[in-house]
Each structure stands twice: as C-alpha cells, then as structure tokens.
Amino acid sequence: MNPGKRLTAAAETVRPGKRVVDVGTDHAYLPAYLILDGKTPHCLAVDIGAGPLENARKTVEKYALSDRIVLRISDGLHAVAPEEAEDITICGMGGTLMTKILSECKWLKKQDLHLVLQPQSHVWEVRTFLLLNGFCIDNETVLEDAGKLYITISAFYDGQEREADNGFCYFGTLLQKNDTLTCAYAENLYRQLCIRLQALQNANVCNDESAWLQNCLAFYEKNKN
C-alpha cells in the first residue's frame, strides 16, 4: 500500500522491530504500512472515538491484518500501558493537542522511549515540551506532500532536562541542514516572524511577544548556514 509521502516519512523514522503505538490512527494507514513493509510485527492503533476506529477496521480487514493490529478506543495514551509502547507515532494533528496528549501520559518518561511526531502547527510547543521533559530531539526532517511542507520529529527519552531556548524551540535542528526543503521551511518560519514583529512595531507594541520574536530572529540569524 502507499500511505502517501507524509506517513511514509513517519514510517521511515520508526525503529525496526519495535512495539508501535499509533495515536490518532484514523484509517490506520500508518500501522498497516509498517507491518506490510516489514518494519514491525505488531501495532496498537488508538483513536478517541468509534468512528475513526471503524475506518481503521476497514483497513485492517482489507489487508488481513487483524492478528497484527490491535484497535482500541483511547483518549490519547490514557488506555495504553507502558509495556505496549517502544515507539509512539502521533501524526496529523496540531502541536497544541499533541503536547496535551504527551503531557497527560503518566508513564511517558521511560528510558529509550522513541517518539515520532508530525505536528501540523505550533511545532515550537512540541519542542518546548520535549526539551523540558527529558527528551533529546534526535532528528528532524522536512518533506513536501501535495504542495505543503511537513516536519517529522524524532525524539528519545534520556531523562536530561534541557533549557528551552526560544530560538531552538522555534527552529529546532533545521538550521543545521542544507537541503533545499529544510532551508525553505526555515526561511518561511523566519519570514512569518519578521511580519509579526513588524506589525507589533508599527503598532508601537513592546511586550513579551515582541521580545520572544526578537530572540527567535536573533537565533536564526546567528545559526543559519
């Protein structure tokens, strides 16, 4: 099956042979692809309601994977046990909701837990949570799908709490890379910051937001390749 470029990128970030939990699975395309591609022998696919899980069930039945994919109603990770997850994938939702799901998981901080995250917005909130809660951002990749740029974040729990620098939370590891898509993604973020700061300056507003914007812009200008 072909789940599309975005979910394929997430699948490529999952570690081979690990127990995978896919949160907000919807049609369960990602778990089905992981198993059919031989990346993992078993997946737990969870979603908050019966409707999305019915879509997932159709995918599971279509590819005869009922013995390999477990479907479960769960609000985030509330109905998932720690021993069921080695790699957790969360794709296709905003960063604010994603951060809420992660923050409500009581057992998330376990050694070597791997997160594969594709926030559709508010990416800086996700990075901030990771840094303050003992996760190391291992890698970030940018891809284009249907004319839109997406980011995939790979993070491991190692228990080391890190400083949540404003600039790094906004740009992450993007400025360490030279490929065309990543540079375009980072430059777009930079332009958005410039526009917002200019709007505040035109309105003679000097507040915490303007200071935050200036810190992020300074980080970009200092670290861009």
Which FRET efficiency value, to the nearest 0.05, do you get for I48 and K222 by plugging their Cβ-Cβ distance into 1/(1 + (r/R0)^6) with R0 = 41 Å? 0.50
Just grab the label-to-label distance for Q201 and L132, each label 7 Å out from Cα along the Cβ direction, in nm (one decimal). 2.9
Note on the chain, DSSP bridge orientation, antiparallel percent to nearest 5 equals 40
Cα centroid separation - the stretch 149-181 against the stretch 1-72, whole Å: 26
With a 10 Å cut-off between alpha carbons and a GNM built on the chain, which of N139, N207, N55 moves the most? N207
Burial ordering of M1, M93, fewest other beta-carbon atoms within 10 Å first: M1, M93
In a Gaussian network model over the chain where Cα atoms closer than 10 Å are linked, find which of C43, C91, C105 has the largest mean-square fluctuation. C105
For the residues D22, D138, what sequence is obtained by ranking on other C-beta atoms within 10 Å, fewest first? D138, D22
Count, lysine Cα pairs under 15 Å in the chain, 8 or more residues apart or across chains: 6
Neighbouring Cβ atoms within 10 Å as the yardstick, rank T59, T96, T173, T25 fewest first. T96, T173, T59, T25
Counting pairs of alpha carbon atoms under 8 Å apart in space and at least six apart in sequence, what relative contact order in percent does the chain give? 15
Which FRET efficiency value, to the nearest 0.05, do you get for D75 and E209 by plugging their Cβ-Cβ distance into 1/(1 + (r/R0)^6) with R0 = 35 Å? 0.65
So which residue, out of G159, G147, G94, gets the largest mean-square fluctuation from a GNM of the chain using Cα contacts under 10 Å as springs? G147
Evaluate the charge dipole of the chain about its Cα centre and quote only its size in Debye, nearest 20, assuming +1 on the Cβ of each Lys and Arg and -1 on the Cβ of each Asp and Glu. 260
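Since every read-out is calculated from the coordinates, none of them should be taken as a lab result. Treat the numbers as computed from the prediction; the structure is a model and nothing was measured. Cβ atoms come from the backbone with ideal geometry, glycine included; neighbour counts cover every protein chain shown.
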